[in-house]
Amino acid sequence: MDNQSCVKIINEWDIVSARQLGRNVAKELGFGTVDQARITTAISELARNIFLYAGQGQICIEKLYENGKTGLRLLSIDSGPGIKDLRQVMEDGYSTSGGLGAGLPGVKRLMDDFQIDSSPGEGTDIRAIKWLR
Amino acid sequence: MDFRQKLESKYREILTNYLADRSEQALYQGQKLSRNAIERNIPPEEIVSIHRNIMAEMFPEKFNDKMQESFDILLEVMVAYGFAYREHQNLKHIQQELRTEMEIAANVQKTLLGTEVPCKKGMDIGAISVPAKHMNGDYFNFVEDENNSVSIAIADVIGKGLPAALCMSMIKYAMDSLPENRKTPTLVLENLNRVVEQNVDLTMFITMFYGTYHIDDHIFSYASAGHEPGLFYHAETQTFSELPAKGLLLGIEKNTKYRKYEKEVMPGDMIILMSDGVTESRTKEGFIEREELLALIEKNIHLKAQNIVQNVYKELEKLQDFQLRDDFTLIILRRNVLS
Ligand SMILES: Nc1ncnc2c1ncn2[C@@H]1O[C@H](COP(=O)(O)OP(=O)(O)O)[C@@H](O)[C@H]1O
Ligand SMILES: [Mg+2]
């Protein structure tokens, strides 16, 4: 797909590249500076999780055009250890950063659509969309 | 105009005023605006963005590119605060839900554990039980039976709140299911001990006092499973003494046997039962002294039993600055003078 671009996450510096990619696409699609900053924060969170918990994986950014709407899709894919209890992880206050509002629930709140699939031993697949308003 | 646009124009007005006269008035307006924005769940990064946009508009030359770009950093930092702010909003909401749930649970518990203070000729009985939090880990129950006696159970789970309350519901159920002929104080405690030992986890202990007042011969027979000692008031000598009782807590040892005690009750005498929430009422100076408790009871002794327990509670509540540390239960049984 030519409207999708990806960044491999292997070390901490790749998080910066993923952010850069996300910001460029968000800007290009017409997101304002506040939303750009929010989207890149979400990317940071997902990329950092890959780096910390899965070892490696990738972050992809996709432009979406649907029913006259424009949006940005954020994918985070890895084949790391996966997450055992998704319900628990999606609960506020669970993340090790509890109280900072970051982590997966924070990302979910920020985006308009959020889906997570994960099985222990197989990896984690997160898809989130932010629509341009 | 939607709220965001209103916010922006208000912000512009305040900023313009302030830059013109640097007045405290404008700053105060700023504070009011923030309240409004917080009420409407506007995250901090929005405010930073509004500030930047207005500055760029008002001072196209002076607010140069470098200054504008510096706001990217501020914005980035504020986005993280925004995340925390949203989580806080959500946690507040969850807390409200939990509170509502607890209130409902507390009502269910009240209905479940509810007991009526019996009205018996020749006797005057008063009881009060107040939970420290929503749910009560203390429990008391009155049973009247056909051979003209009143039985009273008072129990306290070591621990408070929800776990204690759940545990109490089990005790109540177990007690209700005991057959009539097993309701002597020692048998009740021995039965409940087995129930608790089998069903409750090892870290949960329950103390319990069970007594039966035989109205025909005015004998109070009782047994205790490690419960806070009861008191006895001798009307004739106007003195208090402890109701002696020994016994292991419920749930420690499967085959515990309990000893039965008896006490003859003369006209005007009182039996005073309580949970440790009474004796462990804590003031700044430490636990209340036993003398203080006795003095409180004495001060009210001319009143009906129900008024005595209520007044003692009120005084102790006040002594503790209205913050109960433990569930509080106080019961008084008095043999009327004319009986
Ligand atoms: N990509 C991933 N692979 C494996 N486990 C993950 C992944 N992402 C998150 N987790 C698990 O979910 C938990 C919660 O993640 P998150 O909400 O980002 O909070 P935090 O990283 O601060 O713990 C992590 O502690 C980790 O155990
Ligand atoms: Mg994380």
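The values are calculated or read from the model by the stated rules, or taken from the named source; none is laboratory data. Remember, it's a predicted structure, so these values are computed and weren't measured experimentally. Ideal geometry is used to build each Cβ from the backbone, glycine not excepted, and the neighbour counts take in all protein chains shown.
Odds and ends about this structure:
- The range A:39-67, residues that are surrounded by 15 or more Cβ atoms within 10 Å (Cβ to Cβ) and either β-branched (Val, Ile, Thr) or more than 16 Å from ligand 2 (Cβ to nearest atom) (or both): A:Ile39, A:Thr40, A:Thr41, A:Ile43, A:Ile50, A:Gln58, A:Ile59, A:Cys60, A:Ile61, A:Glu62, A:Lys63, A:Leu64
- Yes/no for B:Asp269 being touching a residue at least 12 places away in the same chain (Cβ under 8 Å) and in contact with a His (Cβ under 7 Å, 6 or more places away or on another chain): yes
- Counting only helices (runs of 4 or more DSSP H) wholly contained in the range B:21-120, the ones carrying 1 or more residues that are within 12 Å of another protein chain (Cβ to nearest Cβ) occupy B:44-58, B:65-113.
- Boolean, B:Gln5 is at pLDDT below 95, of a type in the set (S, T, N, Q) and assigned to a helix (DSSP H, G or I): yes
- Entirely in the range B:187-300, the strands (runs of 3 or more DSSP E) that have 1 or more residues that are among the aliphatic types (A, V, I, L, M) and surrounded by 13 or more Cβ atoms within 10 Å (Cβ to Cβ): B:206-214, B:219-225, B:231-234, B:270-274
- Residue that is nearest to A:Trp131 (Cα to Cα) [pool: residues in the range A:70-109 that are assigned to a helix (DSSP H, G or I) and within 12 Å of ligand 2 (Cβ to nearest atom)]: A:Val107
- Residues in the range A:78-101 that are at pLDDT 95 or above and more than 9 Å from ligand 1 (Cβ to nearest atom): 1 in all.
- Meets criteria (within 26 Å of A:Ser95 (Cβ to Cβ) and either within 16 Å of ligand 2 (Cβ to nearest atom) or assigned to a loop (DSSP other than H, G, I, E, B) (or both)) for A:Leu21: no
- Matching option when the condition is surrounded by 15 or more Cβ atoms within 10 Å (Cβ to Cβ) and either at positive phi or in a loop (DSSP other than H, G, I, E, B) (or both), among B:Asp321, B:Asp326: B:Asp326
- Selection within the range A:32-51: residues that are without any contact (Cβ under 8 Å) to a residue 60 or more places away in the chain and small (Gly, Ala, Ser). The member of this set that is nearest to the other protein chains (Cβ to nearest Cβ) is A:Ala37.
- One residue from A:Gly101, A:Gly93, A:Gly123 being within 14 Å of another protein chain (Cβ to nearest Cβ), in contact with a helix residue (DSSP H, G or I) (Cβ under 9 Å, 6 or more places away or on another chain) and surrounded by fewer than 21 Cβ atoms within 10 Å (Cβ to Cβ): A:Gly93
- Qualifying residue in the range A:21-30 (condition: under 16 Å from the mean Cα position of the chain (by Cα), within 14 Å of chain B (Cβ to nearest Cβ), closer than 29 Å to B:Phe71 by Cβ and of a type outside the set (D, E, K, R)): yes
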